[in-house]
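Down below is the structure, laid out as structure tokens.
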Amino acid sequence: MITGTQDFIRQWSQVHPEHIALAHPSQGQKLSYRQLNQRADQGARALAELGVQKGDRVIILARNCIAQFELIFACWRLGATYTPLNWRLAGEELAEIAEHCQARLLVFDALSFDLAQSISQRVGIKQLCLDTHNLTASEEIMGYEALLAKHEAVLDQDIEALISQTHEAETIAMMLYTSGTTGRPKGVMLPHRQIFWNAVNTVFACDLSPQDRSLAFLPMFHTGGLNCLATPSLYRGGQVVLMDAFDPKQALEIMQAQKITAVVAVPAMYQMLLDAGMDAFDLRSLRTLLCGGAPLPDSLLDAWLERGFAFRQGFGMTEIGPNCFSLPSHKVDEKRGSIGQVVLHAEAKIIDESGETLGVGEVGELCLGGPIISAGYFNDAEATAKSYVNGWLRTGDLARYDDEGFFYISGRKKEMYISGGENVYPAEIENVLLLHPQVNEATVVGVADERWGEVGLAAIVPVKGVELSDTDLKSWCQERLARFKIPKHFRYLSELPRNASAKVIKAQIKELL
């Protein structure tokens, strides 16, 4: 039986030791599989010296860097849980998370020094800095490289013995805190089993090989950055090319220079790549372009398809996968708006309010199951019991599927509103608004109304230099939507408020408007 316990970095260090596993062009860094395996061994000994043991959480506060992956595999070799934090949060928010997860060690980069001290002052945790050369001499913080240098790349017998016990399928490999758009972030526990099966599903869905080079600019504290392409690419023996953060011009330069074959991003980023002069670059190496996190406008899809790229909408969650659906390249145009079919090693169903399974075309809550389901929320039995039911994850997303098994998202269950007794799904309205040639971004929320109970409010970001009117947009909607679905109110913004994973914060829209 395959359990997902294999140490795939150690395996690839033997199969093709000099093949590049990780590269960070702007920092001039490259690491082969042999070197990554070696530094993971050193890291395991270093973490053990600092008291990290099986079951401990190691929290990381850093921009995208190669050392993060060294730490992932070092943690796994000790049976510890790699727990990256969102460096965009305030110090108090981060301290609450660190306290909640009962972390053993805090690893941070120099840019996060002040945030790290906010955490340390509250929870009294050991600290390790990835780049002490960027700190002032008065700051006596233990340095990562100095600690690694103390340890040979050969494990102690005690740690070797521990490793044989730490890659058990249900050992928690990662803990990722959800973005918290609807409340306090929850720590999602990802066991080795989930990491393994997500990698297998992604390899099959994207046909990954050791020759693939995936570009990673999404933040590594988010499952999109870590597990959409990065860990599956390393599982397959491919190369992950890192960027500190997303910059469209720099991303295009790297895609061309590094002959990138696979990318995952949100729609707004793909639009920025177009706006940054994508046509001036040689991107013929690009083969897999995954898109998620928000509805994909037809105009954006058309722009990429016209350039010969099989641009694919997808769907994922921290709690499962994240890659749980896949849209085949040859179906991209025909199945517009679809997130695809459920991946090979996963299950999906649609249920109604009573839990009964619905059929073709019926809208209900999307439930997902199979070996890619996570182990629940850390120290939150109530939230776990509510979302994880009889082996299924209740996603909170409303969806339907067609007679060929292609799924379509209708919106978040909590975002649905009732207008005049009719259920209204904001995602459906947003898709119509995004078809308008002068609408760049759109989101819809339900607001109170004396006559109808609730009505729609649409927040619109027009195309640059364009002035839109309510009359124009209502007329556009009338041709494409039932009357009760047409927003009553329209507001125009320069940009939509988003969280770190680029999702629109709808609660903030209501507060603003």
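Please treat every number below as a calculation from the coordinates, not as lab data. Keep in mind it's a predicted model, so treat the numbers as computed, not measured. Glycine also receives a Cβ, built like all others from the backbone with ideal geometry; neighbour counts cover every protein chain displayed.
If neighbour count is taken as other Cβ atoms inside 10 Å, put 60, 505 in order from fewest to most.
505, 60
How about region 220-256: which chymotrypsin sites (Phe, Trp or Tyr not before Pro) there are in a DSSP loop, with at most 11 other Cβ atoms within 10 Å of their Cβ? It would help to have the intermediate numbers written out before the result.
Values: sites: 221, 235, 246; in loops: 221, 246.
Nothing satisfies the criteria.
Where both partners of a DSSP beta bridge lie in region 8-153, what percent of those bridges are antiparallel, to the nearest 5? Working shown, then result.
On the way: 4 of 17 bridges.
Of the beta bridges lying entirely in region 8-153, close to 25 percent run antiparallel.
Using the crude model of +1 on Lys and Arg Cβ and -1 on Asp and Glu Cβ, and no other charge, please compute the dipole size for the chain relative to its Cα centre, in debye to 20.
Its charge dipole is roughly 280 debye.
Kindly identify region 419-512 as rounded, prolate or oblate by the Cα gyration tensor criterion: order the square roots of the eigenvalues as a ≥ b ≥ c, call it rounded if a/c is under 1.5, otherwise compare a/b with b/c, prolate if a/b is larger, else oblate. Intermediate results must be reported in sequence, preceding the final value.
Values: a/c = 1.76, a/b = 1.18, b/c = 1.49.
Verdict is oblate for region 419-512.
Enumerate the aspartates and glutamates that residue 259 could reach by cross-link, defined here as Cα to Cα under 13 Å, with residues fewer than 8 away along the same chain left out.
Straight-line reach from residue 259, under 13 Å: 212, 282.
Which aspartates and glutamates have a Cα less than 12 Å from the Cα of residue 331, not counting those fewer than 8 places away in the same chain?
Partners found: 404.
Among the listed pairs 30/503; 485/506; 335/510; 474/510; 413/506; 413/510, which are separated by more than 24 Å between their Cα atoms? Walk me through the numbers before you get to the answer.
On the way: 30/503 32 Å; 485/506 18 Å; 335/510 32 Å; 474/510 20 Å; 413/506 13 Å; 413/510 17 Å.
In this structure, 30/503; 335/510 exceed 24 Å between Cα atoms.
Give me the distance between the Cα centres of region 199-213 and region 474-489, rounded to whole Å.
Computed from Cα coordinates, the inter-centre distance equals 42 Å.
Arrange the following residues from fewest to most other Cβ atoms within 10 Å of their Cβ: 397, 333, 41, 7.
Working: 397 22, 333 12, 41 26, 7 17.
If I rank by nearby Cβ atoms, fewest first, I get 333, 7, 397, 41.
What lysines sit close enough to residue 54 to cross-link, taking a C-alpha to C-alpha distance under 18 Å and skipping anything fewer than 8 places away on the same chain?
Output for residue 54: 126.
Please report the antiparallel percentage of the DSSP beta bridges confined to region 419-512, to the nearest 5. Provide the component values of the computation, followed by the final result.
On the way: 12 of 16 bridges.
Given both bridge residues lie in region 419-512, the antiparallel proportion sits at roughly 75 percent.
Please turn the phi angles of region 270-280 into ³J(HN,Hα) values with the Karplus equation 6.51 cos²θ - 1.76 cosθ + 1.60 (θ = phi - 60°), one per residue in order, whole Hz, x for glycine and proline.
Karplus-based 3J(HN,Hα) across region 270-280 equals 5, 5, 5, 5, 5, 5, 7, x, 3, 5, 7 Hz.
Tell me the angle of helix 33-49 to the major Cα principal axis of the chain, expressed in degrees between 0 and 90 and rounded to the nearest ten.
70
Just want the answer: with Cβ charges of +1 for Lys and Arg and -1 for Asp and Glu, which residue in 246, 234, 290 is farthest toward the dipole's positive end in region 233-312?
The residue sitting farthest along the positive end of the dipole is 234.
Let me know the charge dipole size of region 419-512 about its Cα centre in debye, to the nearest 20, where only the beta-carbon of Lys, Arg (+1) and Asp, Glu (-1) is charged.
120
Show that you can apply the helix-only estimate: for the chain, add -39,500 (n - 2.57) for every DSSP H stretch of four or more residues, divide by all residues, and state [θ] at 222 nm to the nearest 500. The partial results should precede the final answer.
Values: 17 runs with 164 residues, N = 513.
Calculated at 222 nm, the ellipticity per residue is -9500 deg cm²/dmol.
Angle, helix 426-435 long axis vs. longest principal axis of the chain, Cα atoms, 0 to 90°, nearest 10?
80
Using the 10 angstrom Cβ neighbour count as an exposure proxy, how do 174, 142 rank, fewest first?
Ranking 174, 142 by Cβ neighbours within 10 Å, fewest first, gives 142, 174.
Taking 0.36 nm per residue of sequence separation and subtracting the Cα-Cα distance, how much length would be gained by fully extending the chain between residue 307 and residue 358, in nm to one decimal? Intermediate values should be presented prior to the final figure.
Values: separation 51, 0.36 × 51 = 18.36 nm, distance 3.88 nm.
Gain on stretching residue 307 to residue 358: 14.5 nm.
Only bridges whose two residues both fall in the chain count here: according to DSSP, what percent of them are antiparallel, nearest 5?
Of all bridge pairs located within the chain, approximately 60 percent are antiparallel.
Report the label-to-label distance for residue 480 and residue 99 in nanometres (one decimal), using points 7 Å from each Cα along the Cα→Cβ vector.
About 4.7 nm separates the two model spin labels.
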